[in-house]
Amino acid sequence: MTAVPTFESLARTQHDPAAFAEEILGYPLFDYQAEVARSKARYRNLCCGRQIGKSTVMAVIALHRAFTRPGSEIVIVSANDNSAKRLLRTCSKLAAKSGLTRGSIGDDHTTEMNLTNGSRIVAVPCSEGRVRGDTTDLLIIDEAALVPNEVWEGAEPALITRFREGAQVLLSSTPGGGPSHFFRRKWQEGMTSPSDKVMSWHWPTSISPLVSDEDLEDLRKSKTPEVFNREYLAEWQDFAGSFFTEAEISNAVADYEYTTDKSDLTHRRNQLAVAGLDWGKSVDSNVLVLLSVLDNVDDPTRSDDLCYYLPHIESHKRLAYSEFANRIVDVAKHYRIRTVVSELNGVGAPATEMLEARIREQRHQLMYRTRVEGVHTTNRHKQDRFGNLKLLMQQHRIALPNNPELLDQLRALERTTTEHGNVKIAVPETAGHDDAALSLAQATAKINPRRSTHNWAGSGGINYHATQPETVETPGGLRIPRNPKALDYAYALSAKRKSEDIDEY
């Protein structure tokens, strides 16, 4: 049974958060974490890689303030409301485990932690209205690079009257934000001109004792350089220009057969796939793209990594959403579609609900128990999905059909840095549309390039030596039958995504 901390033990650790973490919480900090926890600077700014322990140190700092200074008001803000609540839950778990609190731990919907000494830790939504005005003793902003400047401008004034009494700000995030973004400005100020007011730290993942050099190298191989440098080396990426290089695109193209809305789908009844869907707005098109695992099991040139291809693409301009939903259901009566990943932005929400209803009505006629996942397409979402696609291209593990609309859009995608420093991936309005490219990106949500290998024995793939089908090859060296077949491997099309990205219907 956990011993309840005594008044003497709390008094002994009152001025040392690291000692508080070890003696009271039973959770010793690493040296780099302890340095931040002990800092007296008004502004503490952490530029962090993944799996570095930032949530732990933020929770320790919040709990130390709450328990050693009665009546403190600690406010947690994050770019995503669920993230703020998870950090509050971490605080609750640490406190309960140490015996500081009794009773049940709040669930993921809990927004407050109230102490008997009058202190309060509260998770608030990321909006200017919710952070403006209230007096705050400790403000914690997680994923600060994704928090709009307007929220910061609403929150900071609440601290001014409390600075002389020891109020502090803790900003933490992976790198992000342009020159005008508050997180980047504060972090750079603390790095170039550290003082008793502003201090900054740079924590690449490599400094964590819990991550080996070998594991980090494996991560490097499985990520694009841009993603690895940002997420694990904690380096800012200021981008401008094409997202995909011409070599990446052209090396992935093969002249294989794929189906469209004009094709006979009769012979596709056993083809397993996932679908990406973009609902057209005004002059945009409604686009459906299917993605499958390539059955090249007996290709003597292959590696053990799974490869992918697009068996079906169709695009419709000015087609009513109800008719497009019916068309998707028709395709699902031939292809075995595991999941349809559909955008929820704009008209996407009601259209996606309508699609789900049509699928439910026709479920007994479909080839598979098709699910619909609605996704809010954000800049971070596009970075992740197009990053997946870029990695597959660089590894020569995806074949793209010779579809002019799709290829032109992939070539036109540009990566720019917004005013607030966020990375934006889109086709400029003057250069055309990106609906086909976005549909392909949606489909990649269900694959994970890191979960890529397969025990091929008994997979039921094509026997190249027996059937000797006609094959074509991408310039990157991926061999694919001219009339390809999908590998019946559902595990490879079932990547789990973060809950805040998805609404499952």
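The values are calculated or read from the model by the stated rules, or taken from the named source; none is laboratory data. Treat the numbers as computed from the prediction; the structure is a model and nothing was measured. Counting neighbours? That spans all protein chains shown, and the Cβs are built from the backbone with ideal geometry, glycine included. Just the protein is used for accessible areas: all its heavy atoms, side chains included, with ligands, DNA and RNA removed. Shrake-Rupley method; radii C 1.70, N 1.55, O 1.52, S 1.80 Å.
Along each principal axis, taking the top coordinate minus the bottom one, the Cα set of the stretch 137-243 gives 49, 36, 22 Å in descending order.
With a cut-off of 15 Å on the backbone N, the residues of the stretch 163-185 near the modelled label site 7 Å out from Glu156 along Cα-Cβ are 163, 168-172, 178-185.
Quick check on the stretch 262-411: take the gyration tensor over C-alpha atoms, sort the square-rooted eigenvalues as a ≥ b ≥ c, and tell me if it's rounded (a/c under 1.5), prolate or oblate. Oblate, since a/c reaches 1.5 and b/c is not below a/b.
For Tyr256, nonlocal amide neighbours, meaning residues 5 or more places apart or on other chains whose placed amide H falls under 5 Å from its own, are Asn402.
Between Arg50 and Val347, the FRET efficiency from the beta-carbon distance, with R0 = 41 Å, is close to 0.75. Solvent-accessible surface of the stretch 182-232, taken per residue with a 1.4 Å probe and all protein chains present: 53 Å². Going by a ≥ b ≥ c, the root eigenvalues of the Cα gyration tensor, does the stretch 32-100 fall in the rounded group (a/c under 1.5), the prolate group (a/b larger than b/c) or the oblate group? It comes out rounded by the Cα gyration axes. Taking 0.36 nm per residue of sequence separation and removing the Cα-Cα distance, the Asp330/Tyr368 pair yields an extension gain of 12.4 nm. With the highest mean first, a sort of the peptides 257-269, 160-172 on other beta-carbon atoms found within 10 angstrom per residue produces 160-172, 257-269.
Pull out a ≥ b ≥ c, the square roots of the eigenvalues of the alpha-carbon gyration tensor of the stretch 193-272, then state rounded if a/c is under 1.5, prolate if not and a/b is larger than b/c, and oblate in the remaining case. It comes out prolate by the Cα gyration axes.
Report the paramagnetic label zone for Glu470: residues of the stretch 262-279 whose backbone N is under 20 Å from a point 7 Å from Cα along the Cα-to-Cβ axis. Output list for this probe position: 263-268.
Name the residues of the stretch 347-376 whose amide N is less than 14 Å from a point 7 angstrom out from the Cα of Arg269 along the C-beta direction? Of the residues in the stretch 347-376, 365-368 have backbone N under 14 Å from the label point off Arg269.
Assuming R0 = 45 Å, what is the FRET efficiency of Thr245 and Thr116, from their Cβ-Cβ distance, to the nearest 0.05? After rounding, the FRET efficiency stands at 0.15.
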